[in-house]
Amino acid sequence: MTIIQEKKRVAHYDARNTVFRAMMLAISCVITFWLITHILVNVYSISRDDDLLGGMWAVVATIFVFRNGYAESVGAALLRMSATFASCVLCFVYLLIFPFSVWGMAALIAIGAIALAMIGRADDAITTSITTAVVMSVAAIGPHDAWREPILRLVDTAFGAAIGLGAAWISTFGRKAVSPTESRAQE
C-alpha cells in the first residue's frame, strides 16, 4: 500500500470515528436532557424553569465528561464531580444562612479557590467557580428556599457525568470496530 493510499484510508477512518463520536455526544445530550426534564422531575420539581435549567446543567456535565478516551473521561468525571461537590457544599451552607448577594458569591468563589489550592486541587478552582456562579445566580432568580439549588445542581451534574461517562465507554467499542491497526493486521 502506498503512502497516499494509507493517508486516505486513515483520513476515512478519522472521519468515520469523528462522526460516530459526534453522534454519541449528541444522543447522550438528548438522553440527559430528557431524563432530567421528564423523568427526574417526577421525583422533585421546584418549577418548570428550574427543571429546564437542570436539564441544561446536566447536558453541560455530559459534554464536559465526554472525552476522546475513556480514561480521560473518567478523569474529567472525577474533576467535574469533585469540583461541583465543593461548590455545592459552599453554596448550601451559605444559602442556609444568607440570601444571595453578589459579594457573597464573590466570597464563595474566593473561598473555593483558596480551599482547593490548599488541598492541591488548584485546577478544580475553575470548574468550582463556574458552578458557584451558576448556583448562586439561580438562587438570586428564585430566592425562596434557595438552599435547595446546590442539591439539585449536584444531582443534575451526577446524572450528566454518568451519562457522559457511559457514552465515552460505548465510544471505545465504536473506535475499536473501525481501528486501522486491526485492518492492517488482517492484510
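Since every read-out is calculated from the coordinates, none of them should be taken as a lab result. All values reported here derive from a predicted model rather than from experimental measurement. FYI the Cβ positions are ideal-geometry reconstructions off the backbone, even for glycines, and counts take in every protein chain you see.
Okay, here's what the table says:
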item	result
Highest-fluctuation residue, ARG153, ARG48, ARG67 considered, GNM on the chain with Cα pairs under 10 Å	ARG48
20 Å reach of a label modelled at ALA71, 7 Å along Cα-to-Cβ, counting backbone N of the range 14-40	none
Gaussian network model of the chain, Cα within-10 Å springs - most flexible of VAL60, VAL138, VAL102	VAL102
Extension gain, ILE141 back to ALA26 (0.36 nm per residue minus Cα-Cα distance, nm)	38.5 nm
